[in-house]
1. Among the candidates Arg70, Arg88, which residue alone is part of a loop (DSSP other than H, G, I, E, B) and among the basic types (Lys, Arg)?
2. So, Asp408, is that one within 28 Å of the chain's Cα centre (by Cα) and acidic (Asp, Glu) or not?
3. Please state which one of Gly379, Gly404 is part of a loop (DSSP other than H, G, I, E, B), in contact with a helix residue (DSSP H, G or I) (Cβ under 7 Å, 6 or more places away or on another chain) and either free of Cβ contacts under 8 Å to residues at least 40 places away in the same chain or among the acidic types (Asp, Glu) (or both).
4. Out of Glu295, Glu260, report the one residue that is of a type in the set (Asp, Glu), modelled with pLDDT of 95 or more and in contact with a Gly (Cβ under 9 Å, 6 or more places away or on another chain).
5. What are the residue pairs meeting all of these: first residue in the stretch 107-120, first residue farther than 19 Å from Asn330 by Cα, second residue surrounded by fewer than 24 Cβ atoms within 10 Å (Cβ to Cβ), Cβ atoms under 6 Å, and 6 or more apart or on different chains?
6. I want to confirm something. Restricting to the stretch 67-103 and keeping residues that are small (Gly, Ala, Ser) and more than 22 Å from Ala119 (Cβ to Cβ), which single residue is surrounded by the most Cβ atoms within 10 Å (Cβ to Cβ)?
7. Out of the stretch 304-328, which residues are part of a strand (DSSP E or B) and open to solvent by less than 40 Å² (accessible area, probe 1.4 Å)?
Amino acid sequence: MAEPLWTSEEIIQSAGGRGSGASFVATGVSIDTRTLEPGDLFVALAGERDGHDFVAQAQAKGASGVLVTRPTAGEAIQVDDTLAALERLGVAARERAPQARRGAVTGSVGKTSLTQAIAGGLALAGPSHNSVKSYNNHIGVPLTLARMPRGTERAIFEVGMNHPGEITPLTRMIAPHAVAITNVGIAHIENFAEGERGIARAKAEIFNADDRWFETLKADATRAGARIRTFGAAESADARLLGFDAGQGATVRARLDGRELSFPLRQTGAHWGVMSLAALLMLEALDAPLDKSLEALEAFEPLEGRGATRMVRLPGGGDFTLVDESYNANPVSVASALKTLGSRTVKGRRIVALTDMLELGPETRNLHAGLAEPIEAAGVDLVFSAGPLMKSLFDALPPTRRGGYAEDAAGLAPRLVQAIEPGDVVMVKGSRDSRAKALVEALIALESKAGEAR
């Protein structure tokens, strides 16, 4: 049986409210009946779909108790506001584990992968806890805290931001001992009156590492009394990148506080040179041994939708390489992915399939068209694009590089699939809401057709 996470009495004491039914013990906390495990506390959050509509389903799946705002049959705790109660439960989880060293990661690009890489190192160092998936918002952060076992020694949290002021309350909940910023770039920029500077100041609510906005962030961090540690290629960086050699995997050469290191990665993205150094600095700050940190980085695989690579068999014989970058996109992450694609040795052609980048503000069409430059620098042979915004890019490309265009991903998929030849390397990237994942699924489906053809 899983170790108890909360008793009903502890939940009432921490989150408030009043209980009904028998006392219970929760071994986890859930907000989604699709992933709920027997023994979980189910928190019925309001939203597009009211969690209260799923209380009976949660109980049927084995929830030990439910946190609700209305009278409910069975083991339940009734509160005025379930989200506020979840926040209080998260803070209580932090306070009952004073021994836990806590870190936070934010940034415009790469925060989920960096968080998970750090989590691997923490797991090797001792009892640890971490954000799952991209649980980085006003719901995900208190949920992650509420799930933290009382015996946790180290924890890492991902913190996201779509609007000004979002990071401050999340940071106060976590009360991190150390924080890292991957970078500051053009992402969700339409929600910030000051553009990138507005994002930089918001990210400075935690603190920075090495970025073109470093001085802005450094000034805010200095005023807050933070000890600043930097990573990057700059000579002054505490963790300085000396080289990144990619092939089937990659080798990082670096200098950490004057000590030269060389270590392998399974990641091939060019940005992982500096990302691995950010991970090392955070792991060091959370008192993880260097040998465990390097061991974890060596074993860390690319995440689905964030650079995961696979070979796909073609129905007519032969295979191609699929690079899945479909989780999300902004100009910074697309340029980074293109740089990595350009560094790959290919037998066939370099092909990219791109869907609209969203929330980029009034310059969005120019930003889409501007991708033509890194596409050319990467030596991309064919570009397939989907969406009204990506039409700006398609029109900016020379005719010889235009693979195909459609209004949406579903319309583009057949054209893309038909164009693939053995030896090609195909990268798919776009924002989730523009359905880039549909292109990945269509390409993977070629493998089943190859099996049928045998």
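The values are calculated or read from the model by the stated rules, or taken from the named source; none is laboratory data. Remember, predicted model here, so these are calculated numbers, not experimental data. In this analysis, Cβ positions are derived from the backbone assuming ideal geometry, glycine residues included, and neighbour counts consider all displayed protein chains. Side chains included, ligands, DNA and RNA excluded: accessible areas come from the protein's heavy atoms. Shrake-Rupley method; radii C 1.70, N 1.55, O 1.52, S 1.80 Å.
1. Working: Arg88 fails: part of a loop (DSSP other than H, G, I, E, B).
Result: Arg70 is the single residue among Arg70, Arg88 that is part of a loop (DSSP other than H, G, I, E, B) and among the basic types (Lys, Arg).
2. Details: within 28 Å of the chain's Cα centre (by Cα): yes; acidic (Asp, Glu): yes.
Yes.
3. Details: Gly404 fails: part of a loop (DSSP other than H, G, I, E, B).
Among Gly379, Gly404, only Gly379 is part of a loop (DSSP other than H, G, I, E, B), in contact with a helix residue (DSSP H, G or I) (Cβ under 7 Å, 6 or more places away or on another chain) and either free of Cβ contacts under 8 Å to residues at least 40 places away in the same chain or among the acidic types (Asp, Glu) (or both).
4. Values: Glu260 fails: in contact with a Gly (Cβ under 9 Å, 6 or more places away or on another chain).
Result: Glu295 is the single residue among Glu295, Glu260 that is of a type in the set (Asp, Glu), modelled with pLDDT of 95 or more and in contact with a Gly (Cβ under 9 Å, 6 or more places away or on another chain).
5. Pairs that qualify, where the first residue is farther than 19 Å from Asn330 by Cα and the partner is surrounded by fewer than 24 Cβ atoms within 10 Å (Cβ to Cβ), are Ala117/Phe300; Ala119/Asn130; Gly120/Ala296; Gly120/Phe300.
6. Residues of the stretch 67-103 small (Gly, Ala, Ser): 73-74, 76, 84-85, 90, 92-93, 97, 100, 103.
In the following step, the residues that additionally are more than 22 Å from Ala119 (Cβ to Cβ) were identified as 73-74, 76, 84-85, 92.
Details: Ala73: 11, Gly74: 16, Ala76: 24, Ala84: 13, Ala85: 26, Ala92: 18.
The qualifying residue surrounded by the most Cβ atoms within 10 Å (Cβ to Cβ) is Ala85.
7. Across the stretch 304-328, the qualifying residues are Gly307, Ala308, Val312, Phe320, Thr321, Leu322, Val323, Asp324, Glu325.
Residue by residue, here is whether (1) under 24 Å from the mean Cα position of the chain (by Cα); (2) surrounded by fewer than 22 Cβ atoms within 10 Å (Cβ to Cβ); (3) closer than 18 Å to Gly110 by Cβ; (4) modelled with pLDDT of 90 or more holds:
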{"position": "Gly232", "(1), (2), (3), (4)": "yes, yes, yes, no"}
{"position": "Thr251", "(1), (2), (3), (4)": "yes, yes, no, yes"}
{"position": "Leu277", "(1), (2), (3), (4)": "yes, no, yes, yes"}
{"position": "Leu286", "(1), (2), (3), (4)": "yes, no, no, yes"}
